[in-house]
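The values are calculated or read from the model by the stated rules, or taken from the named source; none is laboratory data. Bear in mind that the values here come from a model prediction, so they are computed numbers and not experimental data. Note that we place each Cβ from the backbone using ideal geometry, even for glycine, and neighbour counts take in every protein chain shown.
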Amino acid sequence: MTTATGSEQEQKVIEGVAKQLYIGGEWRDGAEGGTVAVEDPATGETLCEVADGTPDDADAALAAAAGMQAEWASTPPRDRGEILRRAWELITERKDELALLMTLEMGKTIKESEAEITYGAEFFRWFAEEAVRIEGRYGVAPNGAGRLLVMKQPVGPCVLITPWNFPLAMGTRKIGPAVAAGCTMVIKPAKQTPLSMLALAQILEEAGLPSGVLNVVTSSSSGSVMEPLIRDPRTRKLSFTGSTEVGRKLIEQSADQILKVSMELGGNAPFLVFDDADVDAAVEGAVIAKMRNIGEACTAANRFHVADGVASEFAEKLAEKLGAMKVGRGTEDDVEVGPLIDGNQRDKVSELVSDATDKGARVLVGGGARDGAGYFFDPTVLTDVPPSASLLREEIFGPVAPVASFESEEDAVAAANNTEYGLVAYVYTRDLKRALRVCEGLETGMVGLNQGMVSNPAAPFGGVKQSGFGREGGGEGIEEYLETKYVAVNL
Ligand code: NAP
């Protein structure tokens, strides 16, 4: 099925990955036999075709998950953890091929793909350890007469939906705790990047995950394929990572069955630099917070609010760093910035930059999309960005850094909170009291304090406001896949 014209090594990794649906432990074509093309965003060429799942396929996947739920819930936690641990080992051993596969379908550099694979695999190691630490409690009722027994049980079959920007880690962040908790699942990756998820399913199969625990459905029509599953009484949980717009729709659908829901949605992260900050450290952090994943991260710094006194110095230093980054196909050694995911995303970023410059913003570096094949956009720094510019309110999802200035700490916090999103914020200051005051005042689920990256499998990742609810990772991550049952014991 492969049509790629890339190197022999590229063809080999594409050929090595399964292209079918994974249902009840079997790899099979979609019920209607259709396929969906997977494109290399650096060239616009088709890499391969994968099965196009239908609502009937999704129904079969849910039937497999539901059929396996009781057996999987009673599988010893140690056995569930060992499977995750073996999968972590296999992913780590195969990091090179998985990184190449991810770069081909998503565009980020090999180095960034490797970083995602390490990060993504780490959720399996973390939750392998959590599987054997699911605890309840036994207490004496206040009146002394009865006993209170509290136990944790798997929530049941889960529907999991992941985006294209972190094709492996957004999957392991859900599959890891679900497997550890004793839940079965149907997962649907984004149609642009199904290959990393299919490769992951192959690894879990090899690691000994029993048939039916994990079912993977790829499809060109996510809405019609997933809605019946979300409304199906066999489903007990929905975990979604993606845009706020789609998340809102799925919350409505999940109301039918009153599903337990986790939503990891969009962001509009402010990056605050106070005049007492180490400006060079802030610039280093800004490069990470802005350029990780080509700016296509929900945690990407979307707007920089910098104290008046240091705003020009910060913007110029940031422009120098971003202007020096090499743009190109992520498979090339010295490239630091790959292409955007598709033409729509590239056009959206262009429109946001034009809107800002039309309203008076100044371009310090970059400013436009590249002509030719692939969806490349030059790293861009804008200054004097007026409050009316759309890119201060909308998620940019590209390598564009708008810099605005502020006069006081109160103004900075007010500007940071002036958004319907609340995923993450970044704060640079050397004043401890200010740091804690600002962290407390920010309406976000996470804060990077003097650092440009917050993601860590041992930490609770998630947002507030329209960035969603629920947490992935940390001790909190497994709770999303557990129910609490209380037994009133009469002695
Ligand atoms: P998206 O359009 O919302 O898609 C996300 C996933 O939902 C994809 O698998 C997509 O499938 C599926 N989908 C789309 N419409 C659906 C529907 N009606 N019913 C069921 N599934 C549906 O988001 P995206 O463009 O892929 O990803 C970017 C967004 O994800 C950004 O807003 C980003 O901030 C957010 N994100 C958030 C986090 C977080 O942890 N908070 C992490 C990463 C990304 P198809 O693409 O195949 O249609």
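Tabulated values for the structure
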quantity: Residue identified as closer than 18 Å to G470 by Cβ, within 12 Å of the ligand (Cβ to nearest atom) and buried (at least 16 other Cβ atoms within 10 Å of the Cβ) among T162, T172, T193; calculated: T162
quantity: Residues of the stretch 461-470 satisfying the condition of being more than 10 Å from the ligand (Cβ to nearest atom) and under 13 Å from the mean Cα position of the chain (by Cα); calculated: none
quantity: Output for the stretch 106-126, where each listed residue is farther than 22 Å from I478 by Cβ, surrounded by fewer than 24 Cβ atoms within 10 Å (Cβ to Cβ) and over 16 Å from the mean Cα position of the chain (by Cα); calculated: I110, K111
quantity: Pick from the stretch 345-385, criterion out of contact with any strand residue (DSSP E or B) (no Cβ under 9 Å at 6 or more places or on another chain) and of a type in the set (K, R), ranking: nearest to D308 (Cα to Cα); calculated: K359
quantity: Pairs, first closer than 30 Å to V246 by Cα and in the same structural domain as S196 (by TED's automatic domain parsing) in the stretch 138-164, second part of a strand (DSSP E or B) and β-branched (V, I, T), C-beta under 6 Å, six or more apart; calculated: V159/V186; L160/I187; T162/T241; P163/T241
quantity: A356 vs. criteria touching a residue at least 60 places away in the same chain (Cβ under 8 Å) and either acidic (D, E) or surrounded by 15 or more Cβ atoms within 10 Å (Cβ to Cβ) (or both); calculated: no
quantity: Considering residues of the stretch 221-244 that are within 7 Å of the ligand (Cβ to nearest atom) and surrounded by fewer than 16 Cβ atoms within 10 Å (Cβ to Cβ) only, the residue nearest to D57 (Cα to Cα); calculated: G223
quantity: Qualifying residue in the stretch 190-213 (condition: among the polar types (S, T, N, Q), modelled with pLDDT of 95 or more, within 22 Å of L101 (Cβ to Cβ) and assigned to a loop (DSSP other than H, G, I, E, B)); calculated: yes
quantity: Extreme residue, farthest from the ligand (Cβ to nearest atom), among residues of the stretch 305-327 that are touching a Gly at 6+ places or on another chain (Cβ under 9 Å) and free of Cβ contacts under 8 Å to residues at least 60 places away in the same chain; calculated: G323
quantity: Residue check for K108: of a type in the set (D, E, K, R), part of a loop (DSSP other than H, G, I, E, B) and outside the structural domain of G295 (by TED's automatic domain parsing); calculated: yes
quantity: Positions within the stretch 250-304 being near the ligand (Cβ under 10 Å from one of its atoms) and assigned to a loop (DSSP other than H, G, I, E, B), in sequence order; calculated: L265, G266, G267, N268, E296, A297, C298, T299, A300
quantity: Residues that are more than 16 Å from the ligand (Cβ to nearest atom) and among the small types (G, A, S), drawn from the stretch 471-491; calculated: G475, A488
quantity: Options G463, G468, G398, G477: the member that is out of contact with any helix residue (DSSP H, G or I) (no Cβ under 9 Å at 6 or more places or on another chain) and surrounded by 24 or more Cβ atoms within 10 Å (Cβ to Cβ); calculated: G463
quantity: Residue count, the stretch 255-301 (criterion: without any contact (Cβ under 8 Å) to a residue 12 or more places away in the chain and on the phi < 0 side of the Ramachandran plot); calculated: 1
quantity: Residue among G25, G44, G34 that is under 23 Å from V327 (Cβ atoms) and modelled with pLDDT of 95 or more; calculated: G44
quantity: Only one of A282, A311, A307 that is crowded, with 24+ Cβ neighbours inside 10 Å, among the small types (G, A, S) and within 29 Å of S388 (Cα to Cα); calculated: A282
quantity: Residues of the stretch 292-316 satisfying the condition of being over 18 Å from N456 (Cα atoms) and among the hydrophobic types (A, V, I, L, M, F, W, C); calculated: I294, F304, V306, A307, V310, A311, F314, A315
